[in-house]
Amino acid sequence: MTQDLRVAQGRGYLAIPGPSVMPDAVLRAMHRASPNIYEGELLDMMEPLTADLRRVARTKHHVAIYIANGHGAWEAALANVIAPGERVLVPATGRFGIGWGEMATGLGADVQVLDFGKSNPWDLDQIAEELRADAGHQIKAVLAVHVDTSSSVRNDVPALRAVLDEVGHPALLMADCIASLGCDEFEMDAWGVDVMVTGSQKGLMVPPGMGFVFFNEKAAAKRSVMPRVSRYWDWVPRANPEEFFQYFGGTAPTHHLYGLRAALDMIHEEGIEHVWARHQRLAQAIWAACETWSENGELRLNVTDRTFRSHAVTALRLDAPNGTALRNWVQKNLGLTLGIGLGMAEPGDPARDAFFRLGHMGHVNGQMIMGVLGGIQAGLSALDIPHGRGAVEAAAAVIAGR
Ligand SMILES: *Cc1c(COP(=O)(O)O)cnc(C)c1O
């Protein structure tokens, strides 16, 4: 009989950057018979639900809901304000910025990408230069990914607003907060964001399948002069429905709505500022561990400057193939699933096996993060991957507030 030392039995932990860990309260809320979609509770839920969604986004303006993932929310937002042939500027800091730009290309937009690579934040001077050069105001929108989940870069959205204002450029500021809403500080109205997209399966802790597009009056005005908007993506009836079905352009995502209700209750009970602070503290613990491992070791954080690191996802690299080896080891032996590297190397390139990511978004607390870090520590030891000593202690000190 071979000796099996694996300790993977027990509750698994999916520590990838979305879908995130689902709270039991969300799962319980969804576990019910199909509700009536013509009258009663489900219909009555909608007004408070959309009000509480707007509270998370920190906006007084509008929200449209789609049965879609984040890619659907990307397309929905663009379809309402960008006509074929119109130009958009995409300052990209990873795969997701590039991806939103590709979505715009697919809709016939003229897409101008400013690629800042895979580990740096936006260069605001360069963006200002591009906007200034556009004296005729051909650029109709700037597609700004707040946190790029592939690189884990967190961009400075208010600073980008300031650039647009300084230059006096009227382009819409459109933000992708799919990886950041409900994790990182975000203030749609105070930061002057015109359109914001997010999804259900990250900071909002609900299964994938709902996309949200928030928009203000400036964006609504642009929508009203569009030559045409497809009926399905049109945000007007969804944001101001006369009939219940118009919220969703058809049948409601019944069970997702109950899950979302439970998730929003959790967020507002904790308080959104506290949610941000919790993610920040947990991220700092992760950074303390990773920075310690990287002393005389192989492991490196993808983003060097703490100012520009996400509080919800961390992208890391080891020497290939140790990223993949580590992921496989903790999965098999510990029941811990880490995220794959995304967009960092081309398919077929052995460098693909150098990267991995930690998701620490949504329903995560100190013991879960210490568990992830302890698991990685075990994997580094088991696989004989060179690493600095004292990483888990360094993280514990942050959690302990020392
Ligand atoms: C996850 C994510 C997306 C894509 O969302 P899907 O639900 O996978 O379509 C887009 N942008 C960002 C920043 C994301 O984190």
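Details
- Scanning region 273-311 for residues that are closer than 19 Å to residue 392 by Cβ and in a strand (DSSP E or B) yields a total of 2.
- For region 169-182, a tally of residues being under 16 Å from residue 212 (Cα atoms) and either open to solvent by 10 Å² or more (accessible area, probe 1.4 Å) or within 11 Å of the ligand (Cβ to nearest atom) (or both) returns 7.
- Subset tally (residues that are touching a helix residue (DSSP H, G or I) at 6+ places or on another chain (Cβ under 7 Å) and surrounded by 15 or more Cβ atoms within 10 Å (Cβ to Cβ)) for region 249-280: 16
- Residue match in region 50-72 (condition: more than 30 Å from residue 243 (Cα to Cα), more than 20 Å from the chain's Cα centre (by Cα) and more than 16 Å from the ligand (Cβ to nearest atom)): no
- Residue under evaluation residue 139, criteria (1) over 30 Å from residue 300 (Cα atoms); (2) open to solvent by 10 Å² or more (accessible area, probe 1.4 Å); (3) away from the ligand (no atom under 14 Å from the Cβ), criterion not met: (2)
- Where a residue in region 1-30 is among the basic types (Lys, Arg) and its partner, wherever it lies, is at pLDDT 95 or above, with Cβ under 7 Å and at least six apart: 6/332; 6/333
- Residues that are assigned to a loop (DSSP other than H, G, I, E, B), assigned by TED's automatic domain parsing to the domain that holds residue 182 and more than 16 Å from the ligand (Cβ to nearest atom) do occur in region 76-83, at least one of them.
- Flag for residue 90 being open to solvent by less than 50 Å² (accessible area, probe 1.4 Å), part of a strand (DSSP E or B), modelled with pLDDT of 95 or more and hydrophobic (A, V, I, L, M, F, W, C): yes
- Of everything listed in (1) farther than 24 Å from residue 118 by Cα; (2) open to solvent by 10 Å² or more (accessible area, probe 1.4 Å), the single unmet condition for residue 76 is (2).
The values are calculated or read from the model by the stated rules, or taken from the named source; none is laboratory data. Bear in mind that the values here come from a model prediction, so they are computed numbers and not experimental data. All Cβ positions, even for glycine, are placed from backbone atoms using ideal geometry, and neighbour counts span all protein chains on display. We work out accessible area using only protein heavy atoms, side chains counted, and drop any ligands, DNA or RNA first. Shrake-Rupley method; radii C 1.70, N 1.55, O 1.52, S 1.80 Å.
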